[in-house]
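Following: one structure in structure tokens, then a few remarks.
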Amino acid sequence: METQTALTAARKNKHRSMVKYVSNKESYANLVHSPKFSLSEDTAFFTIGSCFARNIENYLNKKKISYFSQVPYVKGEYFKVPGPDRTGYQNVYTPGSVLEMSKLISHPDPFHSIVEVKGLYYDLLTHGLKGISKEDTISIREGLIETYSRLSKVDVIIITLGYNEAWRFKPANSWVNQSPGEPNLRPLAEDFDFHILDVNDVTDMLVQATENFRAINKEIKIIYTVSPVPLSATFSEKHIVVANQFSKSTLRCAAENLASQFDFVDYFPSYEIIVNTEYKKAFKEDGIHVQAEAVENVMNIFFDSYFSEK
């Protein structure tokens, strides 16, 4: 960048001073975002990611805005934590898992990464489900595939990146959402390997995923975000605070790389909005999940930024 370009950008940027930001800071962060493109209430969304992506869906539902990422409900008894019939098993947390989802409807083996242990079946691409029957496992995978087939009808994908500690299932060469950290999967431990992804790894995975999504729908736009939900625990030898900061920093830099490479890709600063909000207003008592009011603040900023018709 030429010197004059940088000086001009600085002169035009009303939000360049940290001193001014801190002096005007409120309990809920209210950042200004300049999007690459505009959306409307007719925009059809699809969300991919962790529980924060589910929060986005809830907000879209409240606003009566179409989204196509709804998966079929699964019996509550099929979850490791029993409860009502629900979704959430479709959560993906790592860039590798996002890449697997981008290949889901075109994969030559639609039922790869389903394993059997002691007569029970586990879909390694899903999250939170215990071992169940083969028939039910296949049925859940079929519902997941049907959901992703709707990408052809979608205008925008919002992809929320969770963390950079990733597990690969070697027999299928797939990035999975379950690991041998799960006691019931320990008999298969040698079939997994563990990776701490760096910026280059994540960027490469997201470029591939982005190209795969555009192959499904050549008009689709993508908004990357980084989940503010921290690592609950690390598989590395680092202190959890250090491991989490490295994880979020890696994902954030990679998301910026993607937004810089493609004119149809944008980055929205949901992570920055949450972590710059007063802690008790941002996070629940567990220090992991985000308060509903904080999510609403993020989504209000999102809509104010992207929607041409407020």
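One table, with the values for the structure above:
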| read-out | value |
| --- | --- |
| Selection from the range 161-184 of residues that are in contact with a Ser or Thr (Cβ under 9 Å, 6 or more places away or on another chain) and in a loop (DSSP other than H, G, I, E, B) | 162, 163, 164, 177, 178 |
| Residue match in the range 46-56 (condition: at pLDDT below 95, assigned to a helix (DSSP H, G or I) and under 17 Å from residue 155 (Cα atoms)) | yes |
| Subset of the range 178-205 (residues that are at pLDDT 95 or above and under 20 Å from the mean Cα position of the chain (by Cα)) | 194, 195, 196, 197, 198, 199, 200, 201, 202, 203, 204, 205 |
| Number of the condition not met by residue 158 [criteria: (1) touching a Ser or Thr at 6+ places or on another chain (Cβ under 7 Å); (2) of a type in the set (A, V, I, L, M, F, W, C); (3) assigned to a loop (DSSP other than H, G, I, E, B); (4) closer than 25 Å to residue 200 by Cα] | (3) |
| Cβ-Cβ under 7 Å pairs, at least 6 apart or on other chains, the range 130-158 side over 29 Å from residue 81 (Cα atoms), far side surrounded by 14 or more Cβ atoms within 10 Å (Cβ to Cβ) and basic (Lys, Arg) | 155/221; 156/221 |
| Hits in the range 279-310 (condition: modelled with pLDDT under 90 and touching a Ser or Thr at 6+ places or on another chain (Cβ under 7 Å)) | 288, 307, 308, 309 |
| Enumeration of residues in the range 192-205 that are part of a helix (DSSP H, G or I) and surrounded by 15 or more Cβ atoms within 10 Å (Cβ to Cβ) | 199, 201, 202, 203, 204, 205 |
| Filter result (hydrophobic (A, V, I, L, M, F, W, C) and under 12 Å from residue 223 (Cβ atoms)) within the range 253-310 | 255, 258, 259, 262, 264, 265, 268, 302 |
| Residue within the range 206-223 that is within 29 Å of residue 27 (Cβ to Cβ) and surrounded by 15 or more Cβ atoms within 10 Å (Cβ to Cβ) present | yes |
| Residue list for the range 275-293, filter: more than 14 Å from residue 230 (Cβ to Cβ) and part of a helix (DSSP H, G or I) | 280, 281, 292, 293 |
| Considering residues of the range 65-81 that are surrounded by 14 or more Cβ atoms within 10 Å (Cβ to Cβ) and among the β-branched types (Val, Ile, Thr) only, the residue farthest from residue 145 (Cα to Cα) | 65 |
| Boolean, residue 238 is basic (Lys, Arg) and in contact (Cβ under 8 Å) with a residue 60 or more places away in the chain | no |
| Verdict on residue 189 being assigned to a helix (DSSP H, G or I) and either touching a His at 6+ places or on another chain (Cβ under 7 Å) or surrounded by 13 or more Cβ atoms within 10 Å (Cβ to Cβ) (or both) | no |
| Residue within the range 82-90 that is basic (Lys, Arg) and either at pLDDT below 95 or crowded, with 20+ Cβ neighbours inside 10 Å (or both) present | yes |
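Quick grid of which residues meet (1) within 19 Å of residue 53 (Cα to Cα); (2) of a type outside the set (Phe, Trp, Tyr); (3) touching a Phe, Trp or Tyr at 6+ places or on another chain (Cβ under 6 Å); (4) touching a residue at least 40 places away in the same chain (Cβ under 8 Å):
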position: 233; (1), (2), (3), (4): no, yes, no, no
position: 254; (1), (2), (3), (4): yes, yes, no, yes
position: 267; (1), (2), (3), (4): yes, no, yes, yes
position: 289; (1), (2), (3), (4): yes, yes, no, yes
position: 300; (1), (2), (3), (4): yes, yes, no, no
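Condition check ((1) acidic (Asp, Glu); (2) out of contact with any Gly (no Cβ under 8 Å at 6 or more places or on another chain); (3) part of a loop (DSSP other than H, G, I, E, B); (4) under 28 Å from residue 200 (Cβ atoms)) across all residues:
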{"position": "82", "(1), (2), (3), (4)": "no, no, yes, no"}
{"position": "89", "(1), (2), (3), (4)": "no, no, yes, no"}
{"position": "97", "(1), (2), (3), (4)": "no, yes, no, yes"}
{"position": "122", "(1), (2), (3), (4)": "no, no, no, no"}
{"position": "127", "(1), (2), (3), (4)": "no, no, yes, yes"}
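The values are calculated or read from the model by the stated rules, or taken from the named source; none is laboratory data. The structure presented is a predicted model; accordingly, all values stated were derived computationally and were not measured. Using ideal geometry, Cβ is built from the backbone for each residue, glycine included, and neighbour counts are taken over all protein chains shown.
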